[in-house]
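The values are calculated or read from the model by the stated rules, or taken from the named source; none is laboratory data. Because the structure is predicted, anything quoted here is derived from the model rather than measured. Calculation scope for accessible area: heavy atoms of the full protein, side chains included, ligands and nucleic acids excluded. Shrake-Rupley method; radii C 1.70, N 1.55, O 1.52, S 1.80 Å.
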Amino acid sequence: LARVMVRRLLAAVCLALAGVASALVAPAAMPRGLATSSPAKDATTVLDACRRNTKKEKRQRNYENMRKFKRGNAPVARGGGGKKKALSRKKLTLKAQATKEKDR
């Protein structure tokens with residue numbers, strides 16, 4: 001009676017270990033009959049649809065950012081394009097010193 005119980009327990013443990021091991025093994029390494037396979041055609045279709053959506057969203061983002069960060073009219077005094085940038089403190093002090101020297 002004890003031997004039968006031990007054998008049944010051993011068989012249950014072996015089946016449990018086989019189930020855990022099959023979960024840890026990659027499906028490509030398992031025989032085709034045991035592996036649950038999904039058709040590759042469906043997977044690529046889903047990925048392509050997702051990719052199409054992300055491209056559409058990216059185009060929309062780029063369009064919005066283009067409008068948000070669009071350069072203004074060219075400043076007349078500088079002759080260059082884009083927004084007129086403020087001078088740094090160092091450049092402002094140098095400019096003030098230069099005007100002082102001119103006025104002397």
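Quick one: of LYS68/LYS95; LYS55/LYS85; LYS70/LYS90; LYS56/LYS85, which pairs are farther than 31 Å apart, Cα to Cα?
On the way: LYS68/LYS95 33 Å; LYS55/LYS85 34 Å; LYS70/LYS90 29 Å; LYS56/LYS85 34 Å.
Violating the 31 Å limit, Cα to Cα: LYS68/LYS95; LYS55/LYS85; LYS56/LYS85.
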*Express in Å², to the nearest 10, the accessible area of VAL4 obtained by rolling a 1.4 Å probe over the protein heavy atoms while all chains stay in place.*
70
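Stretch GLU57-LEU10 to full length: gain in nm at 0.36 nm per residue minus the Cα-Cα span? Numbers along the way, then the final one.
Values: separation 47, 0.36 × 47 = 16.92 nm, distance 5.65 nm.
Here the segment from GLU57 to LEU10 would lengthen by 11.3 nm.
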